[in-house]
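Inspection log for the structure reproduced underneath, given as structure tokens.
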């Protein structure tokens, strides 16, 4: 077999260009017998770590590189006319020095040189070339471009410059032949360059996919990237299907006559010796003003914190636990880690930035609690330090912190200022093509209509992380469609090949890396918008030993903090840190299901769980949060049964009672697994955690080895006990084996108790505030979601249920957000559109001297820099200027006149044309009087409120239709869009519902078939949702589908893979028609003697049969003939007429009438018109 190494290869991290999955790449490389292979993605090193680790695991030598873009001039030049051209260049790392230089080059190409692509230039290459091998690139390389243009002199000069920079033996002329017309010309030119310079050749293939037949897949990726179809010109087509991973023999056949071309690939591979170092911690320096050892300083902080917690005598158990933790932290080398975290949390606390009580396993550390890093006592709640930091498994601690979502950025800014801007970066994350997304993307790229992709995507079962292959196994409908429709087969087969590939790079919502030196000394950087990010993921950053922190923004912390501030206005000593965890009123309200606004407890499924669980203590709330997840949900029934009837609880051995008693005999927490190992078999907590992790990752060899140890124990060669074993502790082997099996089946689903306790505390805190301080809590909650009109409507309804009025905004009363006003809540001015904070501040300042007495007084006192007509109109329309002497029509119509007068006065003042006498005269001018006009009609007033605030404030246009909606059995939109995997009561995805609401906004679009469809917003009193109106329905009901129309719709419920719910109308009826129909129904049933006068247009049917079968057949028939004519059914048994509903309006025609007459008889079918 011929030796050859591929040195030019694009993995799927050449986003939407490369089609080589890394695992599949090494499968293919193994089959081809290739011993080494390179990664050279376009301008990025996203895939380097995954590539390297996979190669090492497979026994193939990895070569780390990148295909760089080189600016035609300077990387700093960014002029479209001169700098749109760039050259390609391959750089490969010989050693660690080369790697360090490569990551510098890649980083600078993004942070300094980015102009449509990340670019370097000659200046950077002259500075960062040591340890690198350079190949001249593909047909877009600088030398190749000159050769293609026939400019051999320029090609020679360019090659000589690169050879001089990288040194003899480190620069190669790259040969490629993909059988294009350009290749032949370039190869002739490169031969001429070689003959004149002696620079050696190297053969490569520009690998973008693994097999020749995958060329089409790569084309689909390009189409997804460019939003084109395969039948359109993307401008990026290779015009070749030979960019696959060729065998050594294939490459030898192509380049065997080129001296050393294939042999040099092996020579280059032998020159490359780069090894990554994992697991070695590289913490940044933490500077102390005091000249003391860092660990002594940490110990001092811990004991100071412990003294504040207990104030007097500290229990011995706490001192023992703290000393143990401090010893472990010092031995593992993580003292500075704790000091760094405590420092920026300390900054947040000092600056009144709300910080969460902890998340993840960090809440299990007493040292963290004492230093203020967490806010929950781990001993009181039975939390384990080893779940957080395991002395028997050396790995970086992981402390993730929740901050107020509005001020999280301030903490990150503090860290940047403290450690240096070049030493702090955010972290990349990748959006991948999940099953449904892949189907939709591929179908669009192949040129198929949306309806086809939508049909296929919706047949994929809604399971977390389901694959297309799994979907084919599980969905018979999908399988049948796949086997019967060639288009579907093509879409599905292609989608399977791109499924799971990264689609785009973005910035991790919370991850930040902090380094000792510049971040680009350790990892390559990129830019996502304006954010500088690492090109390695969070997991890879941790594996390289760098300090990664999660700075998370949690809206609920802001709500709690705002509520606390409102409470302190009347209860100065109040602090959420001091609330009792045994308030019976809190548990009573939770048992009733009043969970709206309670952290992590709002969804209908969680509410149902809490109602059934009937929490009576804090541990029950925490358990509910742990149980309500996809994995442990199957424990819920047994948990609830055991809690309700403790006699049902059975323990395999009495030793389990103390461990499982708090969770009603069910294993819920990971810590319970660790306690079981320790109590029953004598494991250390550290070893127990190692086994727990092996169980959760289903490492069967480790589990079976540990099963024997758990049962029989473990001894060293001298017979000393390492693990005592369950049998040696009095538990029979059969029982011990069964318990071990229970833990194995549970471990994958177990939840971290430390995290549950911390988040349970937040949940309880919100529930407590809602019960004890409802006005303050609901005001803070409403302020937190000012940008979500749907949720504001929902929470206002909750306020009304609680007996709290929500008052309209007013310039004399409202603050920025929602505030407490007596026994009510007042709307905040920030809810009004077109008002900036500066303008609101001026309103508040101006009224402090005296409230605004009239509309004119308001305009005159605020007229100036921030005052403008749009802002004034929004205030009027919102109702915030009501009760100042004039109605809204009067104010709107006089606004222009008032502003003109104020502007004239302002100019006179500026021009100095007014004497002191004039000024005094002006000061004594009477109030500006407005013409008296009738108020705007109520419907328009409400529309103006909606326009100004996104909400209906003084009422709702649908109030008068509430009873009608109830009679028609309409579904609330809030029910449909509720974010919960159970969706809502009796509503399922892709099922149908009837909704009654108002069409608020509509946008039409031309489809590829040159038809018109529309997207519209539709809302009722509970929420809003988007409608997708397909051409057929839009054409049929165009006369009804207008903005402002109040309609009754039969809709299909659709939920995309991004979680957003859409409604697809099937039938549309004007509510005005339904009102008439409803009145007719009433009249018919109560005034039989006036039928001839009250009967409205419609189809009337008389049914003699008493059973339901004929009625079912009639309805089936009616459903075929969709239209606008209402249908009434007269039942002889009850002697009453029934309107069959909005979803059975029909189109009258002879076939329908003839069939009805055949079924019911001629005299039992009447059309009234």
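Is it the case that region 630-639 has a residue that's in contact with a strand residue (DSSP E or B) (Cβ under 9 Å, 6 or more places away or on another chain), within 17 Å of residue 754 (Cβ to Cβ) and in a loop (DSSP other than H, G, I, E, B)? Before you say what the answer is, go through the steps one by one.
Initial filter on region 630-639 (in contact with a strand residue (DSSP E or B) (Cβ under 9 Å, 6 or more places away or on another chain)): 631-632.
Now drop any that are not within 17 Å of residue 754 (Cβ to Cβ), which leaves 632.
From what is left, the residues that are in a loop (DSSP other than H, G, I, E, B) are none.
Taking every residue of region 630-639 in turn, none turns out to be in contact with a strand residue (DSSP E or B) (Cβ under 9 Å, 6 or more places away or on another chain), within 17 Å of residue 754 (Cβ to Cβ) and in a loop (DSSP other than H, G, I, E, B).
Residue by residue through region 640-654, note down the ones that are crowded, with 18+ Cβ neighbours inside 10 Å and assigned to a helix (DSSP H, G or I).
642, 643
Right, residue 73: at pLDDT 95 or above and surrounded by fewer than 23 Cβ atoms within 10 Å (Cβ to Cβ) or not?
Working: at pLDDT 95 or above: no; surrounded by fewer than 23 Cβ atoms within 10 Å (Cβ to Cβ): yes.
Here the answer is no, as residue 73 does not meet what is asked.
Only one residue in 55, 29 is more than 12 Å from residue 6 (Cα to Cα) and in contact with a strand residue (DSSP E or B) (Cβ under 9 Å, 6 or more places away or on another chain), so which one is that?
The unique qualifying residue is 55.
Considering only region 491-512, state which residues are buried (at least 18 other Cβ atoms within 10 Å of the Cβ) and in a helix (DSSP H, G or I).
Answer for region 491-512, where residues must be buried (at least 18 other Cβ atoms within 10 Å of the Cβ) and in a helix (DSSP H, G or I): 491, 492, 494, 495, 496, 497, 498.
Working carefully through the options 113, 65, find the one that is more than 22 Å from residue 5 (Cβ to Cβ), touching a residue at least 24 places away in the same chain (Cβ under 8 Å) and buried (at least 23 other Cβ atoms within 10 Å of the Cβ). Don't jump to the end; show me each part of the working.
Working: 65 fails: more than 22 Å from residue 5 (Cβ to Cβ).
Of the residues listed, the single one that is more than 22 Å from residue 5 (Cβ to Cβ), touching a residue at least 24 places away in the same chain (Cβ under 8 Å) and buried (at least 23 other Cβ atoms within 10 Å of the Cβ) is 113.
Does at least one position in region 1097-1117 carry a residue that is modelled with pLDDT of 80 or more, in a strand (DSSP E or B) and under 51 Å from the mean Cα position of the chain (by Cα)?
Within region 1097-1117, one or more residues are modelled with pLDDT of 80 or more, in a strand (DSSP E or B) and under 51 Å from the mean Cα position of the chain (by Cα).
So residue 666 clears everything in (1) free of Cβ contacts under 8 Å to residues at least 60 places away in the same chain; (2) under 25 Å from residue 389 (Cβ atoms); (3) under 35 Å from the mean Cα position of the chain (by Cα) except one condition, right? Which one?
All conditions are met except number (2).
What is the number of the single condition among (1) closer than 29 Å to residue 87 by Cα; (2) modelled with pLDDT under 95 that residue 11 does not meet?
For residue 11, the failing item is (2).
If you take the residues in region 446-483 that are in contact (Cβ under 8 Å) with a residue 60 or more places away in the chain and outside any helix (DSSP H, G or I), which one is surrounded by the most Cβ atoms within 10 Å (Cβ to Cβ)?
446
Matching residues to (1) within 20 Å of residue 168 (Cα to Cα); (2) surrounded by fewer than 24 Cβ atoms within 10 Å (Cβ to Cβ); (3) at pLDDT 95 or above:
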| site | (1), (2), (3) |
| --- | --- |
| 44 | no, yes, yes |
| 61 | no, yes, yes |
| 109 | no, no, yes |
| 154 | yes, yes, yes |
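Of the residues in region 1-36, how many are touching a helix residue (DSSP H, G or I) at 6+ places or on another chain (Cβ under 8 Å), under 24 Å from residue 216 (Cα atoms) and assigned to a strand (DSSP E or B)?
So the count comes out to 3.
Among the residues of region 1122-1140, count how many are at pLDDT 75 or above, under 23 Å from residue 1049 (Cα atoms) and touching a helix residue (DSSP H, G or I) at 6+ places or on another chain (Cβ under 9 Å). Show your work before the answer.
Filtering region 1122-1140 down to residues at pLDDT 75 or above leaves 1125-1131, 1138-1140.
Within this subset, residues satisfying the condition of being under 23 Å from residue 1049 (Cα atoms) are 1125-1129, 1138-1140.
This time we only want the ones that are touching a helix residue (DSSP H, G or I) at 6+ places or on another chain (Cβ under 9 Å), so: 1126-1129, 1138-1140.
Count: 7.
How many of the residues making up region 526-579 are within 25 Å of residue 505 (Cβ to Cβ), outside any strand (DSSP E or B), touching a residue at least 60 places away in the same chain (Cβ under 8 Å) and touching a strand residue (DSSP E or B) at 6+ places or on another chain (Cβ under 9 Å)?
Residues in region 526-579 being within 25 Å of residue 505 (Cβ to Cβ), outside any strand (DSSP E or B), touching a residue at least 60 places away in the same chain (Cβ under 8 Å) and touching a strand residue (DSSP E or B) at 6+ places or on another chain (Cβ under 9 Å): 9 in total.
Under the condition of being outside any helix (DSSP H, G or I) and surrounded by 21 or more Cβ atoms within 10 Å (Cβ to Cβ), which residue from region 427-445 is modelled with the lowest pLDDT? Explain how you work it out, then say what you get.
Initially, region 427-445 is screened for residues outside any helix (DSSP H, G or I), giving 427-434.
Going one step further and asking which of them are surrounded by 21 or more Cβ atoms within 10 Å (Cβ to Cβ), we end up with 427-428, 433.
Details: 427: 95, 428: 96, 433: 92.
For region 427-445, the residue satisfying everything is 433.
Would you check if residue 398 is in the same structural domain as residue 333 (by TED's automatic domain parsing), modelled with pLDDT under 90 and part of a loop (DSSP other than H, G, I, E, B)?
yes
Somewhere in region 48-65, is a residue in a loop (DSSP other than H, G, I, E, B) and more than 25 Å from residue 441 (Cα to Cα)? Before you say what the answer is, go through the steps one by one.
Taking region 48-65 first, the residues in a loop (DSSP other than H, G, I, E, B) are 59-60.
Add one more test, that the residue is more than 25 Å from residue 441 (Cα to Cα), and what stays is 59-60.
Yes, there is a match, as at least one residue in region 48-65 is in a loop (DSSP other than H, G, I, E, B) and more than 25 Å from residue 441 (Cα to Cα).
With 1028, 998 as the choices, which residue is touching a strand residue (DSSP E or B) at 6+ places or on another chain (Cβ under 6 Å), modelled with pLDDT of 90 or more, assigned to a strand (DSSP E or B) and more than 20 Å from residue 939 (Cα to Cα)? Spell out the reasoning first.
Details: 998 fails: more than 20 Å from residue 939 (Cα to Cα).
Sole residue among the options that is touching a strand residue (DSSP E or B) at 6+ places or on another chain (Cβ under 6 Å), modelled with pLDDT of 90 or more, assigned to a strand (DSSP E or B) and more than 20 Å from residue 939 (Cα to Cα): 1028.
Being in the same structural domain as residue 808 (by TED's automatic domain parsing) and either out of contact with any helix residue (DSSP H, G or I) (no Cβ under 8 Å at 6 or more places or on another chain) or in contact (Cβ under 8 Å) with a residue 24 or more places away in the chain (or both) is true for just one of 943, 954. Which residue is that?
Result of the check over 943, 954: 943.
For the list (1) in contact with a helix residue (DSSP H, G or I) (Cβ under 7 Å, 6 or more places away or on another chain); (2) farther than 24 Å from residue 755 by Cβ; (3) at pLDDT below 95, I need the number of the one condition that residue 571 fails.
Going through (1) in contact with a helix residue (DSSP H, G or I) (Cβ under 7 Å, 6 or more places away or on another chain); (2) farther than 24 Å from residue 755 by Cβ; (3) at pLDDT below 95 one by one, residue 571 breaks only (1).
The values are calculated or read from the model by the stated rules, or taken from the named source; none is laboratory data. All values derive from a computational prediction rather than experimental measurement. Neighbour counts run over all protein chains shown; Cβ positions are idealised from the backbone, glycine included.
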